[in-house]
1. Once Lys and Arg get +1 and Asp and Glu get -1 on their Cβ, which of Val277, Met334, Ala261 lies farthest toward the positive end of the dipole of segment 220-352?
2. Which of the aspartates and glutamates could a cross-linker span from Lys221 if the Cα-Cα distance has to be under 12 Å and same-chain partners fewer than 8 positions apart are dropped?
3. On a 0 to 90 degree scale, rounded to 10, what angle separates helix 91-108 from the longest Cα axis of the chain?
4. Of Ala310, Trp76, Ile127, which is farthest towards the positive pole of the chain's charge dipole, taken about the Cα centre with +1 and -1 on the beta-carbons of Lys, Arg and Asp, Glu respectively?
5. Roughly how tilted is helix 281-294, in degrees to the nearest 10 and between 0 and 90, from the longest Cα axis of the chain?
6. Per the Debye formula with a single identical scatterer at each Cα and no solvent contribution, what log10 I(q)/I(0) holds for segment 113-255 at q = 0.14, 0.21 Å⁻¹?
7. Assigning unit charges at the beta carbon (Lys, Arg +1; Asp, Glu -1) and nothing else, what dipole magnitude in debye, to the nearest 20, does the chain show about its Cα centre?
8. What length, rounded to one decimal in nm, is gained on full extension from Lys195 through to Glu153, with 0.36 nm per residue of separation minus their alpha-carbon distance?
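The values are calculated or read from the model by the stated rules, or taken from the named source; none is laboratory data. The shown structure was predicted, so the numbers you read here are calculated from the model rather than taken from an experiment. Here the Cβ positions follow ideal geometry from the backbone for every residue, glycine too, while neighbour counts run over all protein chains shown. All accessible areas refer to the heavy atoms of the entire protein, side chains included, with ligands and DNA or RNA removed. Shrake-Rupley method; radii C 1.70, N 1.55, O 1.52, S 1.80 Å.
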Amino acid sequence: MKPPASTTILGIETSCDETAAAVLDGEGHVLANVISSQQTVHERFGGVVPELASRAHIQNVDHVTRQALDAAGLTWQDLGAIAVTQGPGLAGALLVGISYAKSLAYALGIPLVGVSHLEGHIASAWIDRPSFPRTCVVLIASGGHTHLFHATEHGGFHLMGRTIDDAAGEAFDKGAQMLGLGYPGGPLIDAAARKGSPAAVRFPRSRVRTGQLDFSFSGLKTALLYHLQRMDQEAIVRQQADLAAGYQEAIVDVLVRQTFAAVRQAGVSALAVVGGVSANSRLRARLTERAAGEGIQLGLPALSYCTDNAAMIAAAGQRALEQGRLASFECEAMPNYALPASSGGETVRRRS
């Protein structure tokens, strides 16, 4: 039986290295959004270790979910549905969240919704701005994804462009490692770049074939590597801020150029930019300036909804409930899941 659209929903997110749970009321208001980060678990390895991520999710998922319920002032019996990330992501990590969500939904006798992590990031643009146009271009920029979609009023997502190699977030992480800044790279490069000049060191801007909206960041990483190889360690430390600023500017330039080209090609007047990279202060400033200059409505999630969180999963779950998309208790983790066919999505596989 299809639940009412106004139902209170619990969202659970365990696709990578954050264990998260959130509760949204029937009007889409966030009542609680709890995140347990695994940064201290993975930072000594310079990246996410899948087995360690899965173990941490097992230890944390029940505690985080109970925290979310307590913060919302609700009990289990107040929930009307559960939404969980079904993919894409790390297989073991996804399995923890899905198994927990299935058990809860079965025990409580309420519907279960399996949503795409990409759906969640897209939904984050509307959490605080429900009136933002549904017909728009959406840029998803994160550690695993850099994709452009044309979103339609009825929930369709049509792929316009994607990275042909590395995602923008991965480029930030690898660049930070080469610069000796640490992990995770995005916030660290952002902070270092504020002390430097983006014009001090110029790195190449990738260009794919004319007319295409794809991205490429592997050449930029190589350019940084070669540049650093020509410097001694003392010079790298002395120029670290300028190097970070120049490297960041190259990533931001490409994201802004391709995204506004997609806006023109789609013929829309609204742009949503979501995902972990959308928290980058330089990108937000450049997007805001460009959108204002071109008369484009810009949707940027609050910083708390940019990185992986469960509020966006619950928001996507409410949308799925409205469309009648329910999951069975036999549903499985889908590490390469893209967007559901019923939403008009095209296959977008996660790059490892």
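1. Going by the Cα projections, it comes out as Ala261.
2. Asp165, Asp166, Glu170, Asp173
3. Approximately 20 degrees, to the nearest ten.
4. The residue sitting most towards the positive pole is Ile127.
5. Around 90 degrees separate the two axes.
6. Treating every Cα as an identical point scatterer, log10 I(q)/I(0) equals -0.72, -1.21.
7. 960
8. Separation in residues times 0.36 nm, less the Cα-Cα distance, equals 10.9 nm.
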